[in-house]
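Enquirer: My questions all concern the structure below.
Derivation of every value follows stated rules applied to the coordinates shown; laboratory data play no part. Note that the structure is predicted; figures quoted are calculated from it, not measured. Please note: Cβ atoms are built from the backbone with ideal geometry, for glycine as well, and neighbour counts cover all protein chains shown.
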């Protein structure tokens with residue numbers, strides 16, 4: 001599988017979605033360890049960005065840290081926190097046209113009080129040909 005990895009710059013012939021990977025540094029560590037707040041932030045980001053929430057799963061680690069995912073009809077919003085490093089890793093993926101990834105990412109960054117953020121935008125989709133609905137090339 002790893003030998004099949006392609007560089008991120010590989011041409012996408014048919015885009016099926018867009019993904020933002022966020023590294024949020026210098027966040028408020030107390031916020032990063034509050035599972036209820038993390039749930040609220042991700043659900044707020046989904047709602048204000050135009051997503052349809054269809055599920056959620058969160059886990060509080062001990063002594064610190066939270067991981068969680070909000071499943072949306074348009075794909076997902078995931079977070080993993082390391083309060084001891086004031087750091088959060090966020091993955092927002094959307095295959096819908098009405099979901100605003102930028103809005104979702106800004107809400108999460110602001111609510112976690114990150115002072116340094118880094119992001120990668122990735123187009124996801126078919127690289128080797130465009131399949132029709134039957135799966136034929």
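Enquirer: Please list, short to long, the whole-number percent of alpha-carbon pairs of the stretch 24-124 in consecutive 10 angstrom bins beginning at zero.
Expert: Taking every Cα pair in the stretch 24-124, the percentages come to 17, 52, 28, 3.
Enquirer: Related question: Taking the simple approach of a point 7 Å from Cα along Cα-to-Cβ for both residue 59 and residue 95, what is their distance in nm?
Expert: According to this spin-label approximation, the distance is 2.5 nm.
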